[in-house]
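Heads up: the structure comes next, in structure tokens.
Laboratory data are not the source of any read-out in this text; all were calculated from the coordinates shown. Note that the coordinates shown come from a computational prediction; the quantities given were computed from them, not determined experimentally. FYI the Cβ positions are ideal-geometry reconstructions off the backbone, even for glycines, and counts take in every protein chain you see.
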Amino acid sequence: MQKHGREDDKERARRIQEQQIRARDPGPSKIRGYDWDKHAQRSRQVHKSRQKPLLIDLFDILPRRWKGAVVGLAVGLLPLIAGQVFLPGDWKILGLLGLMICGVVGFVIGKAAQDEIKKW
């Protein structure tokens with residue numbers, strides 16, 4: 001007798017689930033021929049293209065000469081790290097020389113590029 005009750009409960013649960021699914025179904029689209037899958041894909045692409053990390057936003061705001069200096073400093077980290085690893089004792093300060101030189105060269109190249117753009 002219990003088996004019969006369990007089957008009735010399962011059937012009742014299945015019917016309730018189907019009713020709920022039918023109640024949530026929005027039905028056919030009111031816009032004929034519109035491709036909703038393409039719409040969803042375009043929406044995801046637009047949302048992704050608008051997202052930028054904060055550092056990139058800050059880098060885009062900088063004038064070109066300062067962008068050059070930042071890139072120069074980033075490149076200058078290589079001799080700084082190499083100096084710290086390979087140079088003995090008091091000579092490790094020479095690693096800073098490479099960092100400063102790369103930063104200044106990056107600034108000069110950025111300034112020259114900015115001045116060149118202004119001439120156009």
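Key figures for this structure:
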read-out: Test: residue in segment 89-105 that is more than 20 Å from the chain's Cα centre (by Cα) and exposed (fewer than 10 other Cβ atoms within 10 Å of the Cβ); value: yes
read-out: Residues satisfying the stated conditions in segment 55-80, i.e. surrounded by 13 or more Cβ atoms within 10 Å (Cβ to Cβ) and aliphatic (A, V, I, L, M); value: LEU62, ALA69, VAL70, VAL71, LEU73, ALA74, VAL75, LEU77, LEU78, LEU80
read-out: Top-ranked residue in segment 13-46 [being in a helix (DSSP H, G or I) and of a type in the set (A, V, I, L, M, F, W, C); ranked as surrounded by the fewest Cβ atoms within 10 Å (Cβ to Cβ)]; value: ALA23
read-out: Residues (among the charged types (D, E, K, R), in a helix (DSSP H, G or I) and under 20 Å from the mean Cα position of the chain (by Cα)) located in segment 50-66; value: ARG50, ASP57, ASP60
